[in-house]
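The values are calculated or read from the model by the stated rules, or taken from the named source; none is laboratory data. Because the structure is predicted, anything quoted here is derived from the model rather than measured. Neighbour counts are summed over all protein chains in view; Cβ atoms, including those assigned to glycine, are modelled from backbone coordinates with ideal geometry. Surface accessibility is based on the protein's heavy atoms, side chains included, excluding ligands, DNA and RNA. Shrake-Rupley method; radii C 1.70, N 1.55, O 1.52, S 1.80 Å.
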Amino acid sequence: GYLRDHGTRSWKALVLKRVLRNLRAWDLANSAQVDRFIANSRNVAERVRRIYGRDADVVLPPVDPDVFALYTGARSGYLTVSRLVPYKRIDRIIEAFRDLPSLTLTVVGDGPDAERLRSLAGPNVRFTGHIAQSGLVALLQRSSALVCAANEDLGLTVIEAQTCGTPVIALRTGGYLETVDEANGSGFFEADEPNAIREAVLLHEQRTTEPRAERLRADMAPYFRD
């Protein structure tokens, strides 16, 4: 939301924080009138249970396996896909690749943090801005791995990448705990810091067994659109 995108120190943010406090109080007072809670992940369902003391039905978001087709060809370079706002922590990923000059990173997406992120990037980082879905699928299919550093409710792009057979390197938290297929070539880093991301990318580069594209895709089947 606004606070995550633009920080918490402006006068607008302070006003919004007060409004949000009032809305949360109203929300809690009226939650008893809700017949049924629905969440898009176990992560969100647990948050509903913690905040409201209620169970939530988990309805998984759909991914089209025909659009995000399996690719078993050569892969190279790394990819991150995100709206360019501070809480997505794209700056941490860019800083990690500043110390990995022999590896390339492609940043897909646009947003208010774009100019600052471009100023941080070295020559091995390129920005595409917003691209059509067909271009995104091609990048997902042909990248060595998708790198994700935000704390997401679920993380749909992670599912789309693995549906293409492409590994993911993600922060070990939130919805990624449900979607990142560590058994078949994807992996985690433990902190949203450049050094941790860099070490995880190097570990991926040095792995002795190839990620199993078919298994990565097969394990995403619960999310496939009928």
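Tabulated values for the structure
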{"quantity": "Complete set of residues in segment 89-101 that are in a loop (DSSP other than H, G, I, E, B) and either more than 15 Å from Asn124 (Cβ to Cβ) or in contact with a helix residue (DSSP H, G or I) (Cβ under 9 Å, 6 or more places away or on another chain) (or both)", "calculated": "Arg89, Asp99, Leu100"}
{"quantity": "Number of the condition not met by Arg126 [criteria: (1) under 19 Å from Leu105 (Cα atoms); (2) open to solvent by less than 50 Å² (accessible area, probe 1.4 Å); (3) without any contact (Cβ under 8 Å) to a residue 24 or more places away in the chain]", "calculated": "(2)"}
{"quantity": "When residues of segment 43-92 are limited to those that are touching a residue at least 24 places away in the same chain (Cβ under 8 Å) and β-branched (Val, Ile, Thr), the one nearest to Val168 (Cα to Cα)", "calculated": "Thr80"}
{"quantity": "Residue that is most open to solvent (accessible area, probe 1.4 Å), among those in segment 199-214 that are within 20 Å of the chain's Cα centre (by Cα) and at pLDDT 95 or above", "calculated": "Leu203"}
{"quantity": "Those residues of segment 160-193 which are surrounded by fewer than 24 Cβ atoms within 10 Å (Cβ to Cβ) and more than 16 Å from the chain's Cα centre (by Cα), in sequence order", "calculated": "Ala183, Asn184, Gly185"}
{"quantity": "Candidates Asp153, Asp110 - the one that is in contact with a His (Cβ under 7 Å, 6 or more places away or on another chain) and open to solvent by 60 Å² or more (accessible area, probe 1.4 Å)", "calculated": "Asp110"}
{"quantity": "Matching residues, segment 81-121, being under 21 Å from Pro167 (Cα atoms) and of a type in the set (Ser, Thr, Tyr)", "calculated": "Ser82, Ser102, Thr104, Thr106"}
